[in-house]
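Notes for the one structure printed next.
The values are calculated or read from the model by the stated rules, or taken from the named source; none is laboratory data. Since this is a predicted model, take the numbers as computed values, not measurements. Every residue, glycine among them, receives a Cβ derived from its backbone with ideal geometry; neighbour counts consider all protein chains shown.
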Amino acid sequence: MKNTLHTLLALAALWLLSVGVNALLIHGPILQGPYIFQILMLAGINIVLAVSLNLTNGITGQFSIGHAGFFAVGAYASAALTVYFGPIFLKSLEMFPRSLNEALLLLLALLTAALAAAVAGLIVGIPSLRLKGDYLAIVTLGFGEIIRVLILNIDAVGGARGFSGIPPLTTFFWVAALVALVIVAVHRLVRSSYGRAFLAVRENEIAAQAMGIDLTRTKVLAFVIGAAFAGMAGCLFGHFSMYLHTNSFTFIKSFEIIIMIALGGLGSLLGSVLGAVVLTALPELFRGFESWRMVIYSLALILIMIYRPQGLLGGKSPFRSKRKPRSP
């Protein structure tokens with residue numbers, strides 16, 4: 001009962017904060033309004049992507065570079081739901097306030113995106129996660145491109161034209177709530193028995209197998225959970241941009257997410273958050289340099305990798321217990 005009350009109070013505080021941020025950034029003169037708001041929204045979506053990939057690459061120790069594929073599956077699946085069935089859903093609940101109906105529709109879209117991406121992760125993970133190292137990277141990259149090309153040839157979601165007409169359901173509250181959910185969920189998962197199995201697989205697969213850990217099952221579980229969170233990020237992205245095209249989900253996007261977690265530090269939750277924020281804001285900070293923008297951006301990343309190869313935060317975590325061990 002006490003935990004439930006704390007959860008409700010936290011959600012209420014998060015909602016009030018989101019209302020204030022929406023008012024200041026969209027309707028107020030602070031920091032150019034909608035421009036900064038868009039950067040914040042994209043940074044939040046990138047945080048979800050980075051933390052979800054870090055579960056697979058940093059915590060479980062697998063090298064996947066097809067994360068953009070699951071991002072795309074979640075985006076298109078949820079967008080198709082709201083475009084084709086959203087009007088029917090909203091019409092059936094006309095007696096309730098429209099804002100509540102839209103929130104319920106987005107919640108249903110998030111669940112659909114998570115389920116669709118998780119199924120895609122299961123289909124990709126079972127055959128590919130029996131491989132290791134470079135072979136695994138190549139296979140996941142190939143699967144990510146296969147997903148993108150399949151979507152490109154489905155006329156129901158726009159095909160090569162892109163998918164338009166997506167309702168603008170994403171708000172700052174939903175992005176902030178998903179960021180908090182993913183960080184807390186991954187943190188709790190890592191501290192559980194499943195998380196210890198993930199870490200064991202990362203450190204030494206032979207020793208983990210000798211201790212009775214099913215390697216394939218453990219890898220696939222981490223892969224599916226990460227894919228589900230990426231799908232939810234895709235849902236928020238689609239209902240924020242209101243237009244989807246497969247050019248947003250190429251292998252370059254997968255590499256960007258990998259750079260985020262490498263920049264922040266593999267295995268570090270706080271590092272994933274920092275890497276996502278830095279990689280989202282850095283190109284915008286250099287936008288005034290015009291043609292030199294990408295050169296400066298790339299040079300900054302190279303310098304960080306040279307002088308800080310373990311990432312900005314290494315293996316640090318903001319949730320690490322500070323309790324002293326008991327004396328014998």
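Any residue at all in the range 99-114 that's polar (S, T, N, Q), within 22 Å of N247 (Cα to Cα) and touching a helix residue (DSSP H, G or I) at 6+ places or on another chain (Cβ under 7 Å)?
Within the range 99-114, the first condition is being polar (S, T, N, Q), and the residues that meet it are 99, 101, 112.
If we keep only those that are within 22 Å of N247 (Cα to Cα) too, we end up with none.
The answer is no; no qualifying residue exists.
How many residues are under 20 Å from A137 (Cβ atoms) and either at pLDDT below 90 or surrounded by fewer than 24 Cβ atoms within 10 Å (Cβ to Cβ) (or both) when one looks only at the range 233-253? Explain how you work it out, then say what you get.
Within the range 233-253, the first condition is being under 20 Å from A137 (Cβ atoms), and the residues that meet it are 249-253.
Narrowing the set further to residues that are either at pLDDT below 90 or surrounded by fewer than 24 Cβ atoms within 10 Å (Cβ to Cβ) (or both) leaves 250-253.
The number of residues fulfilling the criteria is 4.
Taking the range 53-103 on its own, how many of its residues are assigned to a loop (DSSP other than H, G, I, E, B) and without any contact (Cβ under 8 Å) to a residue 12 or more places away in the chain?
Residues flagged as assigned to a loop (DSSP other than H, G, I, E, B) and without any contact (Cβ under 8 Å) to a residue 12 or more places away in the chain within the range 53-103 amount to 6.
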